[in-house]
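Notes follow the structure.
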Amino acid sequence: MVGIYVESLTDPDRAAEVSLAIDGMFKNSLAETLTETERSFQMSFVSMTEAIVVAIQIVSYVVIVIIMVVAANTMAMTARERISEYATMKTLGFGSWHIAGAVFGESVAIAILGGFLGVALSFPAGGWIGTELKQFFPVFSISAMTIYLDLLAAVVIGTVAALFPTWRGATINIADGLRRIG
């Protein structure tokens, strides 16, 4: 079975007329044709790759949301385990702002460290994709904007994950926190 025939025209202005004539020859046969210019043929492939890019973007957003939920859950569990420590710190004279800063800072620092690690590992991964999967991704590069967005996402994830634990650590009652010891 033949997939593609390529016809050369001496007069490009007759492309529509020739396309209709070729499609007319194969109309109602077992091998009907769709004759189109090379430009429209290439644009159909571009539109297919655009759908792939959109699908990858949607999956990426879902992954970011899942990472945010996991990070928030981890920070909430950490704050829950440290309630007695926060109460002890308050007993020693640390204010709510000190505790809030420690909890918030820990969350954002861990997220930023993870963001830098992810950016650093994206270059070897991008190099591998560029060499091994060149037939699928002929042009693959990591732009500066991608790096900035990655680091911004890390800061947002750290901030969102820190909201509830920061509030919980700052508002803990000393007596309630110390009851959890033992």
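Some notes on this structure:
- Region 79-162, dipole about Cα centre (Lys/Arg Cβ +1, Asp/Glu Cβ -1), debye to the nearest 20: 100
- Helix-only arithmetic for the chain: the sum of -39500 (n - 2.57) across DSSP H runs with n ≥ 4, divided by the residue total, places the mean residue ellipticity at 222 nm at -26000 deg cm²/dmol.
- GNM remark for the chain: springs join alpha carbons under 10 Å apart, and the peak mean-square fluctuation among 81, 32, 50 falls on 32.
- Heavy-atom accessible area per residue - region 23-178, 1.4 Å, Å²: 69
- Computed on protein heavy atoms with a 1.4 Å probe, the accessible areas place 39, 80 in the order 39, 80, largest first.
- Unit charges at the beta carbon, dipole of the chain: most positive-side option, 35, 62, 171: 171
- Rg/Rg_ref, region 1-155, where Rg_ref = 2.2 N^0.38 Å and atoms are Cα: 1.90
- Taking every full run of DSSP H in the chain, the ones that stretch at least 24 Å from end to end by Cα along their long axis and average 1.0 or higher on the Kyte-Doolittle scale are 38-81, 96-132, 144-171.
- Net charge of neighbours whose Cβ lies under 12 Å from the Cβ of residue 74, counting Lys and Arg as +1 and Asp and Glu as -1: -1
- If you run the Gaussian network model on the chain, springs between alpha carbon atoms under 10 Å, then out of 52, 147, 172 the most flexible one is 52.
- Segment residue 97-residue 159, extension gain: residue separation times 0.36 nm, minus the distance between their alpha carbons: 20.7 nm
- Near residue 126, once Lys and Arg are set to +1 and Asp and Glu to -1 for all other residues with Cβ below 14 Å from its Cβ, the sum equals -1.
- Carbon + sulfur, % of accessible area of region 1-129 - ligands and nucleic acids excluded, 1.4 Å: 70
The values are calculated or read from the model by the stated rules, or taken from the named source; none is laboratory data. Just so it is clear, the structure is predicted and the values come from calculations on it, not from any experiment. FYI the Cβ positions are ideal-geometry reconstructions off the backbone, even for glycines, and counts take in every protein chain you see. Surface accessibility is based on the protein's heavy atoms, side chains included, excluding ligands, DNA and RNA. Shrake-Rupley method; radii C 1.70, N 1.55, O 1.52, S 1.80 Å.
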